[in-house]
Structures are given as C-alpha cells and as structure tokens.
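Participant: What follows is a single structure, and I will ask about it in a moment.
The values are calculated or read from the model by the stated rules, or taken from the named source; none is laboratory data. Nothing here was measured: the structure is a model prediction, and the numbers come from that model. Note that we place each Cβ from the backbone using ideal geometry, even for glycine, and neighbour counts take in every protein chain shown. We work out accessible area using only protein heavy atoms, side chains counted, and drop any ligands, DNA or RNA first. Shrake-Rupley method; radii C 1.70, N 1.55, O 1.52, S 1.80 Å.
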Amino acid sequence: MKIGILISGGGSNMVALVDAVQSGEIPDSEVAVVISDKPNAEGLEKARARGVETVIFERKGRTREEHDAEIIAELKKRDVELVCLAGYMRLLSPSFIRAFPDRIINIHPSLLPAYPGLDVHERVLAAGEKVSGCTVHFVNEDLDAGPIIVQCEVEIYEGDTVETLSARILEREHATYIAAVKRLATEFTENTEKS
Ligand code: GAR
C-alpha cells in the first residue's frame with residue numbers, strides 16, 4: 001500500500017508512521033511521499049533523513065481548489081493509495097475528498113466527536129474534563145466528523161497545562177496512528193489478494 005503523508009509542522013506522527021513502515025510493523029507498505037504546505041516545516045528534514053522524498057506546495061496566491069489540485073496531482077503521480085494527514089493544518093476541499101474516496105485519514109488530539117477544530121486542549125482544560133485523548137478517523141467533508149477508526153483515552157491530571165496535556169496526548173498519538181494504518185494496510189493486502 002502506497003502512503004502519502006501531509007504535514008504542516010513538527011511531523012512527529014509522520015516520523016512514527018515512516019519508522020513503523022520501514023521496520024515492517026506496518027506491513028506491505030511504503031511511504032511514497034511527504035508533502036508540506038509550509039516550506040519551513042520541521043518534519044521535512046526528518047522525512048528526508050529517513051530517505052523519504054518530500055515536496056512543498058505553498059498555498060500562497062492560489063485558491064484552495066488550485067492548491068489541492070497540485071497536491072492531488074502529486075499523490076496520483078506517485079500512485080498513492082492512502083493519504084494520512086499528520087498535523088496538516090488545512091481543510092481539504094470537496095474535490096480532494098472525492099479524489100481519494102475513503103482513502104484519507106486524519107489524527108485529531110481529542111476524543112471525537114468531542115472538541116473538533118482548533119485550540120482543543122485549551123477548551124478541554126477550560127471545561128474541566130477528566131479524560132481526553134486522540135482519534136484517528138476517515139476524512140469527509142465535515143470537519144473532524146468522519147467515521148472513527150481508533151481512539152485512545154488519556155487521563156487529565158490536576159495542574160495539567162496545555163503544554164503538559166498536549167505532550168502527553170501526542171506521545172499516545174503515535175501508537176494510535178500506527179495501529180490505525182496497520183489495520184488499513186492489512187485490509188488492503190487481504191483485498192488485493194482476493195481480487
Ligand atoms: C498533533 O497533535 C495532531 O493531532 C494535531 O497536530 C499535532 C501535530 O503534531 N492535529 C490537529 O490538530 C489536526 N486538526 P506532529 O506534527 O508532531 O505530528
């Protein structure tokens with residue numbers, strides 16, 4: 001299964017996925033490309049250091065549709081079969097979602113459907129929640145609302161700040177994302193063998 005990963009920043013989830021693919025923990029897969037909308041995303045260097053090709057598509061001066069069309073073309077050129085959003089901080093256009101039906105997934109740092117959108121940890125702490133976590137889900141046209149693949153709960157401690165909570169959740173995101181992609185890769189291989 002050829003995987004394309006979209007990032008905007010640090011890329012720790014991307015690194016977790018690349019390492020799991022390269023070690024064989026995620027079976028029969030290859031990370032074909034890492035794409036960033038930010039030229040200075042720290043994850044780009046981490047991908048290159050692991051031998052993964054990177055491409056940058058800045059949004060500047062383009063409509064959302066034009067920007068997405070460039071990314072879709074790059075993914076299609078490389079025969080990507082699963083698109084993983086890993087800290088990619090843009091909403092995908094409907095044409096992007098139609099280009100990869102049921103083949104785009106995202107990781108979000110809350111227990112969806114609770115707390116979709118931005119500033120998640122601030123809102124979770126302000127509400128006095130005792131538990132938060134992360135969710136890997138299919139991406140559809142509604143924000144953070146596609147079918148859930150896997151979730152992981154993380155306890156909130158007294159005195160937690162946005163920094164401590166986000167770091168503790170991020171740590172758990174990695175294994176959660178690997179588990180979700182592993183499941184999809186296994187299904188993909190089974191389906192390919194049947195057809
Ligand atoms: C992660 O916490 C991810 O869940 C979040 O951004 C962070 C990226 O970290 N994504 C979203 O909030 C998407 N709406 P990373 O670049 O180190 O993987």
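Participant: What ³J(HN,Hα) values, in whole Hz, does the Karplus curve 6.51 cos²θ - 1.76 cosθ + 1.60 give for the stretch 134-143 when θ = phi - 60°, with x put for Gly and Pro?
Facilitator: Using θ = phi - 60°, the values come out as 9, 9, 9, 9, 5, 9, 10, 6, 9, 4 Hz.
Participant: Taking every pair of Cα atoms in the stretch 30-75, average 1/r, invert it to obtain the Kirkwood radius, and report Rg/Rh to two decimals.
Facilitator: The Rg/Rh ratio comes out at 1.00.
Participant: Collect residues whose amide H, placed 1.01 Å from N in the peptide plane, falls under 5 Å from the amide H of Gly133; neighbours closer than 5 in sequence don't count.
Facilitator: Leu111, Val154
Participant: Right, another one. Can you work out the FRET efficiency for the pair Val55 and Glu122, with r the C-beta to C-beta distance and R0 = 35 Å, to the nearest 0.05?
Facilitator: In this case the efficiency is close to 0.60.
Participant: Please report the relative contact order for the chain, taking Cα pairs under 8 Å with a sequence separation of at least 6, and give it as a percent rounded to a whole number. Don't jump to the answer; show the numbers that get you there.
Facilitator: Working: 356 pairs, mean separation 41.6, N = 195.
Once divided by the residue count of the chain, the mean separation gives 21 percent.
Participant: Here's something else I'd like to know. Which value, in debye to the nearest 20, gives the size of the charge dipole of the chain about its Cα centre, when Lys and Arg are +1 and Asp and Glu are -1 at the Cβ?
Facilitator: So the magnitude is around 460 debye.
Participant: Then there is this: When Lys and Arg each count +1 and Asp and Glu each count -1, what net charge do the other residues less than 14 Å away from Glu163, Cβ to Cβ, add up to?
Facilitator: Summing Lys and Arg as +1 and Asp and Glu as -1 gives -3.
Participant: Of Ile149, Gly51, Gly159, which is farthest on the positive side of the dipole of the chain, counting Cα position, with +1 on Lys and Arg Cβ, -1 on Asp and Glu Cβ, and the Cα centre as origin?
Facilitator: Working it through, the farthest residue towards the positive pole turns out to be Gly51.
Participant: Do any trypsin sites (Lys or Arg not before Pro) in the stretch 5-55 lie in a loop, going by DSSP, with at most 15 other beta-carbon atoms within 10 Å of their beta carbon, and if so which? Mind showing how you got there, number by number?
Facilitator: Details: sites: Lys46, Arg48, Arg50; in loops: Arg50.
When the trypsin sites (Lys or Arg not before Pro) of the stretch 5-55 are filtered for loop state and at most 15 Cβ neighbours within 10 Å, Arg50 remain.
Participant: Also, I was wondering about something else. Roughly how many percent of the accessible protein surface of the chain is carbon and sulfur, given a 1.4 Å probe and a whole-percent answer?
Facilitator: Within the chain, the accessible surface is 51 percent carbon and sulfur.
Participant: Please give the per residue accessible area of the chain, computed with a probe of 1.4 Å over protein heavy atoms only, in Å².
Facilitator: Result: 49 Å² per residue.
Participant: Also: Can you work out ³J(HN,Hα) from phi for every residue in the stretch 110-116, in order, using Karplus 6.51 cos²θ - 1.76 cosθ + 1.60 and θ = phi - 60°, giving whole Hz and x for Gly and Pro?
Facilitator: Listing the rounded values in order: 7, 8, 4, x, 6, 6, x Hz.
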